[in-house]
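Structure first, commentary second.
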């Protein structure tokens, strides 16, 4: 009876492992080959919302840990831009994944307190779940 | 007599063993599929889909011909034509956007949006950087009034 249970558990485990690996590798392959376009990364979306909502902690958690001064500058910039611009829209334009690095581009509409509107793009480079470049 | 009974018991046990120690093919298949589904679910859990966008989104449009013309010149490595077709300030913006690429092999259009005649057309440029390694950067052209007026 014990052997039956062991066999059953082993079968389930092999299936689970295969499902996990196939989904992981298949997902990467689909992204690399651009079969269904590029899927927006959860980290890039969180980072964009962090920018628009002025969430310095979210931004800090999604960027590689830099030196003390760089982190302080990031907090300062977020504090200074607080309330200056109100987001109107956030559109994911698309991106590309290559060799573990993905690029995601966005278009943002903003309105200042004085009523001035801006329509600006932003490109994020994401690697290992962190935003390593923002332009 | 006792020996004969023990022998019979061993024979019964041996006959019963293959049935009780193996799973039938359908049960094995079912358990495998259950495992497969669990593996897929676990993978989805560790790499979740992006959170819902709390802001409105603009509809995506096709690739504007104005940015196509610039991309062609970049891919053709035609510095003379690029200089003739773009203002100095715009060339500086393009240089900054393509940083650190020294040579561009490919520029893939990924999407564009339009707002009151202002179009943002996004590309991913792939090329060679200073250390001869392949690298990709996001480049966004701003098109307005039938020409490229900005590069980010």
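The values are calculated or read from the model by the stated rules, or taken from the named source; none is laboratory data. The model shown is predicted, which means the values in this text are computed figures rather than measured ones. Every residue, glycine as well, gets a Cβ built from its backbone with ideal geometry; the counts of neighbours run over all protein chains shown.
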Could you tell me whether the stretch A:24-41 includes any residue that is more than 8 Å from chain B (Cβ to nearest Cβ), at pLDDT 80 or above and not in a loop (DSSP other than H, G, I, E, B)? no
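This table checks each residue for (1) more than 7 Å from chain A (Cβ to nearest Cβ); (2) outside any helix (DSSP H, G or I); (3) modelled with pLDDT under 90; (4) under 19 Å from residue A:129 (Cα atoms).
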residue: B:42; (1), (2), (3), (4): no, no, yes, yes
residue: B:48; (1), (2), (3), (4): no, yes, yes, yes
residue: B:51; (1), (2), (3), (4): no, yes, yes, yes
residue: B:57; (1), (2), (3), (4): no, yes, no, no
residue: B:66; (1), (2), (3), (4): yes, no, no, no
residue: B:71; (1), (2), (3), (4): yes, no, no, no
residue: B:74; (1), (2), (3), (4): yes, no, no, no
residue: B:77; (1), (2), (3), (4): yes, yes, no, no
residue: B:80; (1), (2), (3), (4): yes, no, no, no
Please determine whether any residue of the stretch A:9-20 is farther than 22 Å from residue B:136 by Cα and at pLDDT below 85. yes
So residue B:95 fits all but one of (1) touching a residue at least 12 places away in the same chain (Cβ under 8 Å); (2) assigned to a helix (DSSP H, G or I); (3) surrounded by fewer than 14 Cβ atoms within 10 Å (Cβ to Cβ); what number is the exception? (1)
Could you pull out the residue among A:84, A:79 that is farther than 23 Å from residue B:151 by Cα and in contact with a helix residue (DSSP H, G or I) (Cβ under 9 Å, 6 or more places away or on another chain)? A:79
Would you check if residue B:105 is on the phi < 0 side of the Ramachandran plot, within 10 Å of chain A (Cβ to nearest Cβ), at pLDDT 90 or above and under 24 Å from the mean Cα position of the chain (by Cα)? no
Suppose we keep only residues that are in a strand (DSSP E or B) and more than 11 Å from chain B (Cβ to nearest Cβ) within the stretch A:103-125. Which one would you say is surrounded by the fewest Cβ atoms within 10 Å (Cβ to Cβ)? A:112
From (1) buried (at least 18 other Cβ atoms within 10 Å of the Cβ); (2) away from chain B (no Cβ under 12 Å), pick out the condition that doesn't hold for residue A:50. (2)
